1. Give the calculated FRET efficiency between Met359 and Arg90 to the nearest 0.05, with a Förster radius of 45 Å applied to their Cβ-Cβ distance.
2. Counting other C-beta atoms within 10 Å, which of Lys511, Lys422 has the fewest, and how do the rest follow?
3. Quickly work out the Arg288-to-Glu146 label distance, labels modelled 7 Å from Cα along the C-beta direction, and quote it in nm with one decimal.
4. Please give the net charge around Ser253, taking every other residue with its beta carbon less than 14 angstrom from that of Ser253, where Lys and Arg add +1 and Asp and Glu add -1.
5. Take the cross-link list Lys487/Lys546; Lys445/Lys487; Lys417/Lys480; Lys480/Lys546 and give me the ones stretching past 21 Å between alpha-carbons.
6. So how many Å³ per residue does the convex hull of the Cα atoms of the range 304-362 work out to?
7. Of the peptides 543-556, 40-53, 300-313, how do they stack up when ordered by the mean number of other Cβ atoms within 10 Å, highest first?
8. Within a 10 angstrom radius of the beta carbon, how do Arg78, Arg414, Arg257, Arg204 rank from fewest other beta carbons to most?
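What follows draws every value from the coordinates through simple rules; no lab data is involved. Computed from a predicted model, the values in this text were never measured in an experiment. So basically every Cβ, Gly included, is an ideal-geometry build from the backbone, and we count neighbours across all protein chains shown.
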Amino acid sequence: MIAVAGAASFEAWRMIRPVSIVLSGLFIACAVSPVARASVVVLANQTDQSVTFAEVLPGEKARAYRIAPGDVLPLPARGPITVRFEAGGRVVDRRAVPDSICAFVREGSLDLIQRSFGVDGAVAAPRAEERLDVVGVLPVMILVDEEEPAVRRLWESRLRRRVADASRIFERHCLMRFEVVSVGVWESNDGVTDFSLSLREFEREAPLVPPACLAIGFTSQYRKPDANRVHLGGTRGPLYHHLLVREWSQHISEPERLEVLVHELGHVLGASHSAESASVMRPMVGDRQSRARSFRIGFDPLNTLAMFVFCEQLRLRGARRLADLSPASRAVLSNVYAELQRSLPDDTAASRYLTLLAMSAPRAAAPGPPTLPAATQSVVRAVTRAALADESRPASSDALADYYVRAAAREASRLPKPLAVKAFLSGLVAVLEGRDGARPSVLGKPTIHGREDLLRHFVAAGGLSATVGPAGAASLSSLKETIDGQKAGRFSFSDLAADFAGIEVVTRLAKAELSLDELAGSFEARHFVLPPDRVPEDMTSDAFRKTYGGPNDPRFQQQADVLRRQTLILPGYATKKRP
């Protein structure tokens, strides 16, 4: 056996010194003085037996721990530590560096394998007298809607207990504790059946009441599972101030309800989705795993590392927002999210967090007047922020396209007038087409009249018009659609109608007959683009050639004129009186 002094158990390995944290919107303020960044070593037991080991630090007494199979244990670190354990009848020392995950494995005998996610030399040790194991206290308010069937005494006791159970899990993984400071009820709309709309309603009807910095809502509007994928809960991302979960009267057990709450609280504190089937951050909780007595709700090693680094910045450094994260912490989180993304390539959560980190990184002010590339990037960032602002938005909808166009117009309207329209169009083209023609998955599937291709035609033709003028853009669009129709074997007049709409919008912006402010406030694509059912559609190439000839044929030109006239009578082009 390993002889150590000052032995500690997994549950009692630290003394607790509460630290008050105040959260407002996406901003967090800590009531502690900032210190240099510390770090963590995450121990994981990937064997089928409990493991006893000791943490050995220079000049300090060794401390012993016992970690159960499948568990993780974060150890705050000022620098490298030594992990001492017995293997094959001998004592083994392994050096563990900060910002790493060290996993116990058995390959013949017990061993410890390490993977670092940090940057060499990036951990600046705090002063020796400063504690690293202080526990942050996050004040929360809990609310139910009027559909809750139980009397207040019962539901308040039930939900306080659930939050306390969740709090113990987070305290063990990232030194954060949730404290209920107020309880209340809000009125929910019985007619709202979309979860994303319910979340918006909760945010509107239940504003934060200080000192609470997070509102946790429990809605009983949804008594039965949906036919499609069920949203058990949702929030808008890390450091967000509202979180909503479903509180069904049946179909879901109390352990499953606890797991849903922990999952969503994990998102608030920087955890992303995990490919590990036993992790509380697996994409689909509520899968009945937690009903088993042997199941223990907990985080996987990668998310434990992410949350500890994330929360360390809140507890000790006084970070107020994502932009305040230190470069070293940002690097660790980026490495962790990249690994989570690789393990779940079809899931957008980790890529969303990577984008948030990239967008929140401090940027040096650009000298001199803005250029078109810089203005375009500001529009790209605005649309991406809009995509990230609502995790529960519809995956595919015309409303999503309207939402992105409004966001781009809103940002472009703040730019110098000579750049505004071109930046608006080039930014939309850049973000909707993405790199190498691949749209970022975080954008979902925005559509016009239910079709993604019509949005691309509308935006691309508008950008072309800003470059070569409306007449040139119309001519090139007609030629392109004809060539595309020949290649595909079918011709689409609705594509051409979307082209004409994009050209006409840009023409009116250039003539000041339409403004970016108007687009930002009320743009709806259906008011600008003809629906496919009002134009000749899905013609074979042979039928097209027989009926319309080609782009220079008078029959084609006549049909194109019809499309233009039909487009111009749509509500979006109605003449408005201007000062």
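1. 0.35
2. Numbers: Lys511 8, Lys422 19.
Least crowded to most crowded, the residues run Lys511, Lys422.
3. 3.7
4. Overall, the nearby charge balance is +1.
5. Beyond 21 Å: Lys445/Lys487; Lys417/Lys480.
6. Numbers: hull volume 4.1 nm³, N = 59.
So the per-residue hull volume is 70 Å³.
7. 300-313, 40-53, 543-556
8. Working: Arg78 18, Arg414 13, Arg257 23, Arg204 10.
Taking fewest neighbouring Cβ atoms as first place, the list is Arg204, Arg414, Arg78, Arg257.
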